[in-house]
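Structure record follows, encoded as structure tokens.
The values are calculated or read from the model by the stated rules, or taken from the named source; none is laboratory data. The structure displayed is predicted, hence computed values, not measured ones. Reconstructed Cβ throughout: ideal geometry from the backbone, glycine too, with neighbour counts over all protein chains shown. For the accessible areas, the whole protein counts, side chains as well, though only heavy atoms, and no ligand, DNA or RNA atoms are used. Shrake-Rupley method; radii C 1.70, N 1.55, O 1.52, S 1.80 Å.
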Amino acid sequence: MKNLMNFRMMCAVLLAAFVLVSCADKGSDLLSMVPKETKFAVLVKPLDLAKKADLQNLALKNVSKETFDQINAFFNGDMGVDPAEVVMFEYQNNFWALFNVKDEGKLSSALTDFGYGKESVNGCNIYSEGSDRIAVKDGLGMLTTVYNADLTNVAGNIDRFIKLPEGQSVVSIPKFAESMSGKDAHIYLNTGAFYEMAQKENGGPYGSREVAEMVKQMPMYEELIQSHAYFSLNFEKNDLICHSVVLDSEGKNINGKFNLKNLDKDMLEFFDEKATAVMGFAIPDEYIGFMADAIAKEAGSDPALGNMVRNAVNSLEGNMAIGGTLANLQDWQANGYTAVIKFKKDMLPSVKTLLGQQLATMGATPDSEGNYSVPVKQGLTLNVVFKDDYLCVSNAAIPEKTFASSSNAGKFSGKTGVIYVDMPKGSILASAATMAAGVDLSGYFYAWSDDEQSEAVLHIDDNPESNILKLIIKTVDGMK
């Protein structure tokens, strides 16, 4: 028996490298065999991604030559498996993978060398080692990991997948096929199935029955638990792009039903022009009301406290932002941190009065403009600033040159939520990343959402490799 651990390592390398990547420019026949009730499904096309990763010319430090040769044998078809396409999914709380088999003789020989035993059940060849089961029938391969499995059930499942009626397959979900094609990677999540699974856990999905019941009162709750989320990834020369969309049971975009509002870019006036990270989001009015009622209930039996909390939360306009400027990795107090909250028009004066009373008990006194400096500990003072409709809390003064005037401010226009992390060449963050990875790294991370979709981009400047996928694999390999 050859080294079984090498086979498992090979599988791990393949899954790690390709579970997030595929080139799916057309519908998958394998997806039509995935039951509709699955909690998730992942479509991968290893052969196409091997080309993007330049696998034949990829030198890895922490993968043995034997394992690497086995990986190449998989891609060359020497193991009898068609490497063009693999589908992974959940079914009845087990993990399954489907793939096409070109030559079962070669596959049988390879599995035997890896220590797998072989049995034939109802016209299906089943290869077993430990809890691993690989079933092959009519040119279809099925991998699953089950404990104390009846091989008759394993054979029955591959028959079920092969003969699955179209109406019982995930491809019958409205817009499923369209949402699972065209990019380098495709992942599907059945939101309702995940929620039902969480409900069966001890304490419910939110830790208590009371909280679970409260969540059911959340706006759009029914639409959310019946929704379907799709994630697509694309690997380019300098960018890894993740696009996501959430569709309702009819295949319609769900974002537009939330009454989302755009970010108020005036919040960027409180952040430094060279801020390392800024995150902003706008909460819909319906959710502010929901949060106000929920938090008020947590106040207990004190009606006065409950009303005060409810009024305070209802005074929020919905726009919020946090961020900071990295100056020192060893001394966190040396970095700049800022949080901004926007209040509804004419509500800030009353908030200022209430907050001022609390700050006074901490020994803070207002300056001539009614703002406060609150000493927290030696070397750390928080500045509480009231300006127009905004409350800003920061350990730094409001900068003269702000993020609103920077070239990156445009990334916040027309968006309902944004996360931006800047890592320019020569910055502390870029230097730290370069040291950790052993590769010269600089760039940025930019995630955003609007009333239709969401997207996240990891951008690397001056990528020395042919594709960012190859850079990621080499970087991870070098960090081990």
> How about the stretch 233-261: which of its residues are in contact with a helix residue (DSSP H, G or I) (Cβ under 9 Å, 6 or more places away or on another chain) and either farther than 28 Å from residue 321 by Cβ or assigned to a loop (DSSP other than H, G, I, E, B) (or both)?
Replying inline: 235, 236, 237, 238, 247, 248, 249, 251, 254, 259, 261
>> Out of the strands (runs of 3 or more DSSP E) lying entirely within the stretch 116-187, which hold 2 or more residues that are loosely packed, with under 13 Cβ neighbours inside 10 Å?
In response: 117-121
> Does residue 25 qualify as being at pLDDT 85 or above and exposed (fewer than 15 other Cβ atoms within 10 Å of the Cβ)?
Replying inline: no
>> Tell me whether the stretch 422-435 contains one or more residues that are out of contact with any Ser or Thr (no Cβ under 9 Å at 6 or more places or on another chain) and open to solvent by less than 30 Å² (accessible area, probe 1.4 Å).
In response: no
> Within the stretch 314-327, is even one residue surrounded by fewer than 17 Cβ atoms within 10 Å (Cβ to Cβ), hydroxyl-bearing (Ser, Thr, Tyr), modelled with pLDDT of 85 or more and on the phi < 0 side of the Ramachandran plot?
Replying inline: no
> Within the stretch 367-382, is there a residue that is over 29 Å from residue 311 (Cα atoms), over 31 Å from the mean Cα position of the chain (by Cα), part of a strand (DSSP E or B) and basic (Lys, Arg)?
Replying inline: yes
>> Looking at 48, 82 in this structure, which one is touching a Cys at 6+ places or on another chain (Cβ under 6 Å) and modelled with pLDDT of 80 or more?
In response: 48
> Which members of the stretch 328-359 meet the condition of being under 24 Å from residue 310 (Cβ atoms) and either open to solvent by 60 Å² or more (accessible area, probe 1.4 Å) or touching a residue at least 60 places away in the same chain (Cβ under 8 Å) (or both)?
Replying inline: 340, 342, 344, 345, 346, 347, 349, 352, 353, 354, 357, 358
> Scanning for something in contact with a strand residue (DSSP E or B) (Cβ under 7 Å, 6 or more places away or on another chain), part of a helix (DSSP H, G or I) and more than 24 Å from residue 259 (Cβ to Cβ), does the stretch 327-334 turn up at least one residue?
Replying inline: yes
